[in-house]
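The values are calculated or read from the model by the stated rules, or taken from the named source; none is laboratory data. This structure is a prediction, so every number in the text was calculated from the model and none was measured. Every residue, glycine as well, gets a Cβ built from its backbone with ideal geometry; the counts of neighbours run over all protein chains shown. We work out accessible area using only protein heavy atoms, side chains counted, and drop any ligands, DNA or RNA first. Shrake-Rupley method; radii C 1.70, N 1.55, O 1.52, S 1.80 Å.
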Amino acid sequence: MLDELKVKIQDYLNNKIETEMNVPVVLSIETPKDKTKGDIAVPSFQLSKVLHKSPMEIAPTLRTYLEELPYFEKVECVGPYVNAFYDRKKLAKLVLDEAYNGRNNDKVLGTVAIDYSSPNIAKNFSIGHLRSTILGQSLGNIYEYLGYNVIRINHLGDFGTQFGKLIYAYLNWGDEKKVMEDPINELVSLYVKFHEEAEKDPKLDDEARKIFNELEEGNKKYRTLWETFKNASLKEFKRIYDLLGVTFDEYSSEANASRDSKRVLDLLDKKGLLEIDDGATIIRIGDDIPPAIVKRSDGATLYITRDLEEIHRRYEKYHFDKMLYCVGNEQKLYFTQLKRVLSKMDAPFKDAVKHVNFGLILTDGKKMSTRHGNAIKLNDVLNESIRLAKEHIEEKNKDLENKDDIAKAVGVSAIIFNDLKNYHENDYEFNLEDATRFEGQTGPYLQYTSVRIGSILKQAEFDRTNISLDLLIQDNFFEIIKKLDEFDQIIQKSADEYSPNYLAKYLLNLASMFNSFYSKEKCLCEDVLERNTKLYLIYLIKSRLDLGMKLLGMSVVEKM
Ligand code: ARG
């Protein structure tokens with residue numbers, strides 16, 4: 001609200017200057033660093049130049065303009081500046097009412113489709129897919145909060161020649177029982193075995209290609225196997241989604257997109273964009289960037305062909321205003337190519353596409369991977385985090401009921417927060433011990449703060465209509481009011497920059513503001529008016545913390 005108010009005051013002043021002074025000057029209001037100088041400051045230099053008067057002569061006129069508004073307690077001229085102090089009581093009341101009533105979205109602002117998680121079947125769900133899942137989920141929540149219609153899409157990597165290899169390996173060396181018991185690990189080792197054997201006997205590659213082609217042409221047996229692999233993988237992925245509390249509106253499929261790709265290829269052809277180069281079909285998209293290959297010489301589609309088809313399908317179905325792809329930094333060039341092709345096609349949604357790219361998760365400075373030497377499986381990471389959370393709980397509150405459920409909620413949220421507190425485009429170093437601590441910049445710290453406030457509020461009722469405005473305008477109270485007021489603006493910024501980390505940082509700030517407030521102020525005091533005021537204020541802090549955590553995708557717990 002304070003920010004909106006500033007804009008409102010600025011518009012009012014500029015309107016006055018135009019109508020009463022008749023000069024083409026647009027002023028911008030400043031916020032003094034030194035708070036004793038006022039809440040806002042209006043400089044008069046620009047006016048002094050066009051009016052050929054000294055700033056000291058102009059300031060008093062600006063002061064009278066400001067005094068006509070109902071927001072100020074005091075307006076004063078200090079040299080060339082007009083400094084104004086808000087009527088804190090009025091504003092405090094407004095902010096509290098707004099925070100209490102919550103946001104009302106009376107109209108839908110548009111449709112945002114988000115492609116996230118999007119793992120590859122028959123492969124391990126990687127740490128990168130985890131980052132995509134956490135980021136996409138949170139952005140979805142944030143856009144929904146702001147009043148957008150959000151479509152959550154999980155685009156499965158279920159297409160490729162590797163399925164020819166996998167089917168070959170399964171038919172020759174596979175064990176159905178083993179695959180059913182532990183599908184992803186079994187399929188991954190079959191895939192590895194295929195490569196070992198193909199080194200010795202290159203003919204296997206031809207066999208695999210043949211199988212893949214027949215799969216594409218609809219061979220029943222192969223298709224059934226492929227579906228079995230896909231369902232088994234999905235079952236494992238869904239375990240992770242359940243743990244994270246993630247759901248999707250739609251699962252899309254690269255294989256389907258490939259099957260339907262004739263449509264987009266025809267469209268590209270009609271626009272005269274296709275060229276044959278060495279047997280392959282390509283689109284030239286500028287000298288600074290490699291051309292997009294949309295069909296290989298053997299007729300197979302590529303990743304980009306499938307995405308081009310898929311985005312057309314999505315647009316037809318959802319008419320999105322934004323199409324976000326939460327995919328790692330390593331696909332930056334790829335998404336530039338995709339956007340260039342869409343521009344060349346002059347697709348109606350060409351400006352709606354945004355690659356929300358993100359960095360790596362590192363352990364000891366190296367890429368954390370579920371494949372290589374520092375092999376950490378995602379399930380292991382989550383389980384370890386839950387175990388550490390349980391240890392902390394045992395230490396702090398060993399008689400707690402439902403310890404396991406709470407440890408799960410705390411452990412998983414710790415991983416989510418640890419990820420989102422970092423600016424998404426950057427790499428970050430992963431340290432599970434740090435992430436699960438109950439103090440410091442962690443998820444458990446936020447949850448713990450919310451639990452603390454909850455337990456204070458349980459000890460006494462309060463009447464929010466009977467509070468002391470005199471108390472609220474004191475600095476240590478008013479500081480919290482200003483912070484509460486920032487909430488919507490922070491959410492907007494998180495959406496505009498696709499970075500929930502602004503929200504994460506804000507919540508840390510708010511939590512530590514509460515903690516220092518609480519160490520100085522006795523909330524359950526004798527005086528009714530004072531108690532009401534304090535309890536109402538911390539109630540609002542808790543409701544912002546809880547809402548913010550939910551928007552990040554974390555769980556809110558009542559005890560821990
Ligand atoms: N499956 C891909 C991968 O794991 C990510 C897909 C992202 N979405 C898309 N529409 N390209 O790298």
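For region 437-454, give me the residue count where each residue is in contact with a Pro (Cβ under 7 Å, 6 or more places away or on another chain) and in contact (Cβ under 8 Å) with a residue 60 or more places away in the chain. Break it down stepwise before answering.
The first filter runs over region 437-454 and keeps only residues in contact with a Pro (Cβ under 7 Å, 6 or more places away or on another chain), leaving 437-438.
If we keep only those that are in contact (Cβ under 8 Å) with a residue 60 or more places away in the chain as well, we get none.
Matching residues across region 437-454 total 0.
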Please verify whether K89 is within 12 Å of the ligand (Cβ to nearest atom), open to solvent by 10 Å² or more (accessible area, probe 1.4 Å), farther than 21 Å from K493 by Cα and charged (D, E, K, R), treating the condition exactly as stated.
no
Residue match in region 233-250 (condition: open to solvent by 40 Å² or more (accessible area, probe 1.4 Å), over 30 Å from L135 (Cβ atoms) and more than 16 Å from the ligand (Cβ to nearest atom)):
no
T363 fails exactly one of the following numbered conditions: (1) within 13 Å of the ligand (Cβ to nearest atom); (2) in contact with a Phe, Trp or Tyr (Cβ under 8 Å, 6 or more places away or on another chain). What is the number of that condition?
(1)
Report yes if some residue within region 494-504 is open to solvent by 70 Å² or more (accessible area, probe 1.4 Å) and in contact (Cβ under 8 Å) with a residue 12 or more places away in the chain; otherwise report no.
no
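Of the residues that make up region 437-445, is at least one within 34 Å of the chain's Cα centre (by Cα) and closer than 24 Å to D39 by Cα? Quick ask: steps written out before the conclusion?
Here is the first cut: in region 437-445, the residues within 34 Å of the chain's Cα centre (by Cα) are 437-445.
From what is left, the residues that are closer than 24 Å to D39 by Cα are none.
No, that holds for no residue.
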Near pairs, Cβ below 7 angstrom, 6+ apart or cross-chain, from region 321-349 (among the acidic types (D, E)) to any residue that is more than 9 Å from the ligand (Cβ to nearest atom) and part of a helix (DSSP H, G or I):
D321/A352
Name every residue in region 333-360 that is assigned to a helix (DSSP H, G or I) and open to solvent by 10 Å² or more (accessible area, probe 1.4 Å), in order of residue number.
L333, Y334, T336, Q337, K339, R340, S343, K344, K350, D351, A352
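From E395, E384, E425, which residue is farther than 26 Å from I184 by Cβ and at pLDDT below 95?
Values: E384 fails: farther than 26 Å from I184 by Cβ; E425 fails: at pLDDT below 95.
When all the criteria are applied, what remains is E395.
Scan region 382-393 and give yes if some residue there is more than 16 Å from the ligand (Cβ to nearest atom), closer than 30 Å to G272 by Cα and buried (at least 18 other Cβ atoms within 10 Å of the Cβ), otherwise no.
To start, the set of residues in region 382-393 that are more than 16 Å from the ligand (Cβ to nearest atom) comprises 382-393.
Of the ones still in play, those that are also closer than 30 Å to G272 by Cα are none.
No, every residue in region 382-393 fails to be more than 16 Å from the ligand (Cβ to nearest atom), closer than 30 Å to G272 by Cα and buried (at least 18 other Cβ atoms within 10 Å of the Cβ).
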Can you tell which of L130, L109 is open to solvent by 40 Å² or more (accessible area, probe 1.4 Å) and not small (G, A, S)?
L109
Which of (1) hydrophobic (A, V, I, L, M, F, W, C); (2) more than 14 Å from the ligand (Cβ to nearest atom); (3) at pLDDT 95 or above is the odd one out, the single condition A300 does not satisfy?
(3)
Number of positions in region 303-332 that are open to solvent by 30 Å² or more (accessible area, probe 1.4 Å) and either away from the ligand (no atom under 13 Å from the Cβ) or of a type in the set (F, W, Y) (or both):
8
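Tell me, which residue of region 137-147 that is under 15 Å from N104 (Cα atoms) and among the aliphatic types (A, V, I, L, M) is nearest to the ligand (Cβ to nearest atom)?
At the first step, the residues of region 137-147 found to be under 15 Å from N104 (Cα atoms) are 142-147.
Those still in the list that are among the aliphatic types (A, V, I, L, M) too: 142, 146.
Details: I142: 20, L146: 24 Å.
That would be I142.
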Enumeration of residues in region 153-169 that are touching a residue at least 40 places away in the same chain (Cβ under 8 Å) and crowded, with 22+ Cβ neighbours inside 10 Å
I153, N154, H155, D158, F159, F163, G164, K165, L166, I167, Y168
If you check S516 against the conditions, is it more than 23 Å from N101 (Cβ to Cβ) and free of Cβ contacts under 8 Å to residues at least 12 places away in the same chain?
yes
Please work out which one of (1) on the phi > 0 side of the Ramachandran plot; (2) over 40 Å from the mean Cα position of the chain (by Cα) is the condition D205 fails and give its number.
(1)
For region 198-232, which residues satisfy the criterion of being basic (K, R) and either open to solvent by less than 100 Å² (accessible area, probe 1.4 Å) or in contact with a Ser or Thr (Cβ under 6 Å, 6 or more places away or on another chain) (or both)?
R223, K230
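Out of curiosity, is R63 in a helix (DSSP H, G or I) and not acidic (D, E)? Even if it seems obvious, please write down each step before you answer.
Values: in a helix (DSSP H, G or I): yes; not acidic (D, E): yes.
Spelling it out, R63 is indeed in a helix (DSSP H, G or I) and not acidic (D, E).
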Inside region 413-468, the number of residues satisfying the requirement of being part of a helix (DSSP H, G or I) and within 21 Å of L382 (Cβ to Cβ) is 18
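Any idea which of D97, D34 is within 20 Å of K482 (Cβ to Cβ), modelled with pLDDT under 90 and of a type in the set (D, E)?
Numbers: D97 fails: modelled with pLDDT under 90.
So the residue among D97, D34 that is within 20 Å of K482 (Cβ to Cβ), modelled with pLDDT under 90 and of a type in the set (D, E) is D34.
So in region 251-268, with the set limited to residues that are among the charged types (D, E, K, R) and within 15 Å of the ligand (Cβ to nearest atom), which one is surrounded by the most Cβ atoms within 10 Å (Cβ to Cβ)? Let's see the steps before the verdict.
Going residue by residue through region 251-268, those that are among the charged types (D, E, K, R) are 254, 259-260, 262-263, 266.
Subset that is within 15 Å of the ligand (Cβ to nearest atom): 254, 260.
Values: E254: 23, D260: 15.
So, considering only residues that are among the charged types (D, E, K, R) and within 15 Å of the ligand (Cβ to nearest atom), the one surrounded by the most Cβ atoms within 10 Å (Cβ to Cβ) is E254.
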Restricting to region 425-479, name every residue that is under 16 Å from L540 (Cβ atoms), open to solvent by 70 Å² or more (accessible area, probe 1.4 Å) and polar (S, T, N, Q).
T465
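In this structure, is V150 away from the ligand (no atom under 16 Å from the Cβ) and assigned to a strand (DSSP E or B)? Give the derivation first.
Details: away from the ligand (no atom under 16 Å from the Cβ): yes; assigned to a strand (DSSP E or B): yes.
Considered against the rule, which asks whether it is away from the ligand (no atom under 16 Å from the Cβ) and assigned to a strand (DSSP E or B), V150 comes out as yes.
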Filter region 66-78 down to the residues that are within 22 Å of V25 (Cβ to Cβ) and part of a loop (DSSP other than H, G, I, E, B) and list them by number.
E68, L69
